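FYI, it's all coordinate maths here, none of it is from the lab. From a predicted model like this one, the values you see are computed outputs, not experimental measurements. Because the Cβ atoms are built from the backbone with ideal geometry, glycine has one as well, and the counts that use them run over all protein chains shown.
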Amino acid sequence: MVYRRLGRAGLKISVVGLGTWLTFGQDRDRDRAVVAQAVESGINYFETANTDARGAAEESLGAALREHPDADLVVSTKAWGTMGPGPNQRGLSRKALREQCEASLRRLGRETIDLYWLQRFDPEVTLDEIVATMADLVHAGKIHYWGVCGWDDNQVHNAAQLADGTGRIPLSAYQARYNLLDREAESAIFPTCWQRTLGVLAYSPLAQGVLTTKYAAGPEPPVGTRLADERRGRNARDRYGDKVRSSVVYAVQETAWTVGATPAQVALAYTIRSGAATAAVFGATSPEQVRENAGAADVVLEEGLAQRLEWA
């Protein structure tokens, strides 16, 4: 496994990490097996969110990680989403963040969250309140680092500038949807992240399974896959349903043959190549998927191969 520093922070994370969105919280035995394989494969970065399976994903991940007390783990979760009917049970106010952080710690069974993500921007809360709350949580020993997801270029710039200018805890990381079918982040946000020396994490690096090429073989998605699931697959169908047999998907398959890797490994390797994301976060429902995806850390895409994928 390869490990990289998270921007200018001292924290080091594996270049591929395991996430829980849509996969954890329904089958604890399966989740435990998936986590065990991740730890065995050298993955040290684990990511969940308070809203994943309404908190059940945090509970399941926490229980699975406690079976590896000697492992050097980096555990992250997210806040912003709605967790109850009250007006303060969502968003990024000081009250919401402190209460949701405490709730996540209880579900995870941990004393500290290593990386705390603010999942969306909250226009109803001032940046000063948000940045100050993050500093308070660090000083209270509740979190070690903080990052933001899906904020636009100006929001990231202003938050980082405010944190640095006031001597508070700096912003450490940014997370973006980034894969070969979603490359807008390269121009929209990556330059600001690099200017600010932020760690960059890619979510949905496999385009919710489309870049594994498993949907390219036939007219209907295979039974048991995400696109075949009426509920879980809605987001994937809306975003990628018309791209399952695109030129990019076939280019990934051809590149996999060329380098002796699997399509999933090629797609992941592209997102974490030099000059791209610090790490990529994938979901998995079996130890075999984890083992395969962890192998992406060993796949090197030469510049010509990366360009072939980009031009497809």
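What to note about this one:
- Percent of beta bridges antiparallel (DSSP, segment 3-311, rounded to nearest 5): 10 percent
- Pairs of Cα atoms farther than 26 Å apart, segment 3-311, %: 44 percent
- Highest-fluctuation residue, 61, 171, 22 considered, GNM on the chain with Cα pairs under 10 Å: 22
- For residue 78, the lysines whose Cα falls under 27 Å of its own Cα, not counting residues fewer than eight places away in the same chain, are 12, 95, 142.
- Phi-based couplings in Hz for segment 157-170 (Karplus 6.51, -1.76, 1.60; Gly and Pro marked x): 4, 5, 5, 5, 5, 5, 4, 5, x, 9, x, 8, 5, x
- Angle between the chain longest axis and helix 247-259 axis [Cα atoms, degrees, rounded to 10]: 80 degrees
- The modelled label-to-label distance between residue 139 and residue 291, using points 7 Å beyond Cα along the C-beta direction, is 4.9 nm.
- On Cα atoms only, tilt of 94-108 relative to the major axis of the chain in degrees: 60 degrees
- Close amide H pairs (under 5 Å, H built 1.01 Å from N) link residue 17 with 280, 281, 282, residues at least 5 positions away or on another chain.
- Straightening the chain between residue 310 and residue 128 buys 61.6 nm, computed as 0.36 nm per residue apart minus the Cα-Cα spacing.
- Summing +1 for each Lys or Arg and -1 for each Asp or Glu among the other residues whose beta-carbon sits under 13 angstrom from that of residue 33 gives -2.
- Charge-dipole axis of the chain as Lys and Arg at +1 and Asp and Glu at -1 on Cβ define it, positive-most pick from 161, 74, 89: 89
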